[in-house]
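Accompanying notes for the structure given below.
The values are calculated or read from the model by the stated rules, or taken from the named source; none is laboratory data. Note that this is a predicted model, so its numbers are computed, not measured. Cβ placement follows ideal geometry from the backbone for every residue including glycine, while neighbour counts extend to all protein chains displayed. Protein only, heavy atoms only, side chains kept; ligands, DNA and RNA dropped before computing areas. Shrake-Rupley method; radii C 1.70, N 1.55, O 1.52, S 1.80 Å.
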Amino acid sequence: MADTAVQAKDHTPTVEGTPKPAGALDARLAALTLPQGGFAAAARRDALARLQDMGLPGPRDEYWRYTDPRPFNAPEATAIPVPQEQATPLFETLDRLTLVFVDGAFDEAASDDLALEGVEITTLAKADDANWAADLYGKLEAAGQHPVRRPFAVLNTAAAQDGLLIRVTAKPSKPIHVVHRRASDKADAMWHHVIRVETGAELTLLETGMAGARSNGMIEVDLAEGAVFHHVASKRAIEAKVGIGHIFARVAAKAQFKSFTLSVNGTVMRNEAVIDIAGDDAVAHIAAAVLGDGGVAPFHQDDTVFITHGAERCESRQVFKKVLKNGAEGVFQGKILVKPGAQKTDGYQISQALLLDERSQFLAKPELEIYADDVKCSHGSTTGAIDEEALFYLRSRGVPRERAIVFLVLSFLADALAEIEDEAIRDCIYERLDLWLTLNAVQ
C-alpha cells in the first residue's frame, strides 16, 4: 500500500541533534592518539573540525533518546577482563581468506596472505598516498551526516588508526573473513574499512568476534553499477561489552547491497546503517537477529537504520528480529526517505521482538518520509511472547518443552535469516543460533 506523499516546500529534512558543550569532547579526544599524515590526513582534519562543531550526543538528541550515550562519551573504556572462554569459531568449515584484528589493529602474523584473485587489499595503517581509497575515505560518512548527525562515526573517521582497504574488480573464489579478537582488558578499539566494488564485481565479507572493552568500527562501501556486496556479521559478547558499529553505503544503478548481523549479548551495543540508493534499479537489504540475555549482564541493543531512495525502481528491505529475556532491552529506529523523482520505489520495513519474560522491553521508532507519488512503502512493528497454542501443539506431539521453545524462536527469526543468500553461510548462522538457544532460551 502506498503511503500518502508528504507535502513540503523544502524536501531537505531538518538536521537532528544540536551542538554540545566542548568539555566532554575535549576529554574524549585527549584520551586518544590521533593519527598524523598519510593519504587520509585531509579527511581526518575535516572530520575533527566537524566533530568539534557538532559535539558528542546527549540524552536529548532525538536519535539517542532510547540509548544512553554516556558509555561512548566517556574518555576511556571501562576495563573488563579478557574472557578465558573461547567460542567455537564461526565459519571455520568455509573456504575463506581470514584477516585478523586484535583490539582494532591488523595482525599480519595471524592473518592469511592478502593475495586473492580479483581483489586488492591493503591496510589503512600501511597505505601510501597514491592509494585509490584517498578518494573515498570519510566521504560516505560525511555525506551520511545529513539529516541526522552521527558524531561517533565522525570520531571514527578522525581517529581510526587501522582498517582494511579493499578494491574488488571481479568475483573472488571465496569470501573475506575479518576476525576480531581481544588482548587488552581496557582496549578502546577503533577501525575503519573502505571497500570499493567495481562495475559488475562481487564480494562477500564476513565478520566475527569482538574487539576491545569498548569498540567503534566503520565500513564505507561504494558499489559501482551492477556491483554486488554481501555482508554477514556475527557479534558475540560474553562480558560487559560496549560497542558501536557503522555502515555507510552508496549503491549505484543495478547494484545490490545486502547485510545481515547476528548480535548476541553485550551491555550497550548500537549498530548504525546509512544507505544511499543512488542509481536506478538498485537493491539494498539490511537485516538482523538479536539475542539478548539480561541475566548475563545488563543488555541494551540498538539498531538505527536510515535508507534514502534517490532513484527510480529501487527496492529496500529492513528486517529486524529481537529475542529478549531477563530484563533485556531492544531498540529499533528505522527510516525510509523517498526523494522527489524516486518513482516506483518499493520500501519495506519490519521490526519485531519476542519477549521471553515480562521484564524485557522493545522500543521501536519506524518512519517513512515520502516525496514521490508512485511508490509502495510499508512498515510494521510488533512485540509479543511465545505462542502458547503453538507450544502446546508441539508438546502434544512429543516435543520436549525446551526444544519446542527453540523451534518457535528459530521460526520467529526465519525471515531475518532468509536475507542471507549463501546457503552455507546461512547454515553456519543457523547452527550457532540453535546452539545458543538450546543453552539459554529456557534458563
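Here are a few things to note about the model shown:
- Answer residue from the stretch 298-319, given it is surrounded by fewer than 24 Cβ atoms within 10 Å (Cβ to Cβ) and small (Gly, Ala, Ser) and is farthest from residue 273 (Cα to Cα) among those: 311
- Top-ranked residue of the stretch 320-367 - restricted to ones that are among the hydroxyl-bearing types (Ser, Thr, Tyr) and open to solvent by less than 30 Å² (accessible area, probe 1.4 Å), ranked as farthest from residue 418 (Cα to Cα): 360
- Residue-level analysis places residue 368 outside the set of residues that are on the phi < 0 side of the Ramachandran plot, touching a residue at least 40 places away in the same chain (Cβ under 8 Å) and out of contact with any Gly (no Cβ under 9 Å at 6 or more places or on another chain).
- Residue that is least open to solvent (accessible area, probe 1.4 Å) [pool: residues in the stretch 391-422 that are assigned to a loop (DSSP other than H, G, I, E, B) and among the charged types (D, E, K, R)]: 419
- In the stretch 242-297, residue most open to solvent (accessible area, probe 1.4 Å) [restricted to those that are among the charged types (D, E, K, R) and over 15 Å from residue 336 (Cβ atoms)]: 254
- Scan of the stretch 24-40 for residues that are open to solvent by less than 50 Å² (accessible area, probe 1.4 Å), without any contact (Cβ under 8 Å) to a residue 60 or more places away in the chain and over 18 Å from residue 153 (Cβ atoms), ordered by number: 27, 37
- When residue 183 is tested against (1) of a type in the set (Gly, Ala, Ser); (2) on the phi > 0 side of the Ramachandran plot; (3) surrounded by fewer than 21 Cβ atoms within 10 Å (Cβ to Cβ), only condition (2) is not met.
One line per residue, one yes/no per condition, for (1) among the charged types (D, E, K, R); (2) modelled with pLDDT of 95 or more:
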{"position": "118", "(1), (2)": "no, yes"}
{"position": "124", "(1), (2)": "no, yes"}
{"position": "132", "(1), (2)": "no, no"}
{"position": "136", "(1), (2)": "no, yes"}
{"position": "146", "(1), (2)": "no, no"}
{"position": "151", "(1), (2)": "no, yes"}
{"position": "155", "(1), (2)": "no, yes"}
{"position": "164", "(1), (2)": "no, yes"}
{"position": "171", "(1), (2)": "yes, yes"}
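- Considering 201, 142, the condition of being out of contact with any Cys (no Cβ under 9 Å at 6 or more places or on another chain), open to solvent by less than 10 Å² (accessible area, probe 1.4 Å) and in contact (Cβ under 8 Å) with a residue 40 or more places away in the chain is satisfied by 201 alone.
- Residue within the stretch 133-145 that is outside any strand (DSSP E or B) and of a type in the set (Phe, Trp, Tyr) present: yes
- Within the stretch 423-433, being open to solvent by 30 Å² or more (accessible area, probe 1.4 Å) and either of a type in the set (Asp, Glu) or under 18 Å from residue 328 (Cα atoms) (or both) holds for 423, 427, 431.
- Residue tally, condition part of a loop (DSSP other than H, G, I, E, B), over 21 Å from residue 172 (Cα atoms) and among the hydrophobic types (A, V, I, L, M, F, W, C), over the stretch 103-130: 6
- Selection status of residue 376, charged (D, E, K, R), under 23 Å from the mean Cα position of the chain (by Cα) and under 30 Å from residue 65 (Cβ atoms): no
- If you go through the stretch 62-88 and keep only what is acidic (Asp, Glu) and at pLDDT 90 or above, you end up with 68, 76.
- Filter result (among the aliphatic types (A, V, I, L, M) and either surrounded by 18 or more Cβ atoms within 10 Å (Cβ to Cβ) or part of a helix (DSSP H, G or I) (or both)) within the stretch 41-79: 41, 42, 43, 47, 48, 49, 51, 54, 56, 77
- Test: residue 188 is open to solvent by 20 Å² or more (accessible area, probe 1.4 Å), more than 20 Å from residue 249 (Cβ to Cβ) and touching a residue at least 60 places away in the same chain (Cβ under 8 Å): yes
- Only one of the numbered conditions (1) touching a residue at least 24 places away in the same chain (Cβ under 8 Å); (2) open to solvent by 30 Å² or more (accessible area, probe 1.4 Å); (3) farther than 18 Å from residue 324 by Cβ is not met by residue 385, and that is (3).
- The stretch 369-380: number of residues that are open to solvent by 40 Å² or more (accessible area, probe 1.4 Å) and either under 17 Å from residue 284 (Cα atoms) or modelled with pLDDT under 95 (or both): 4
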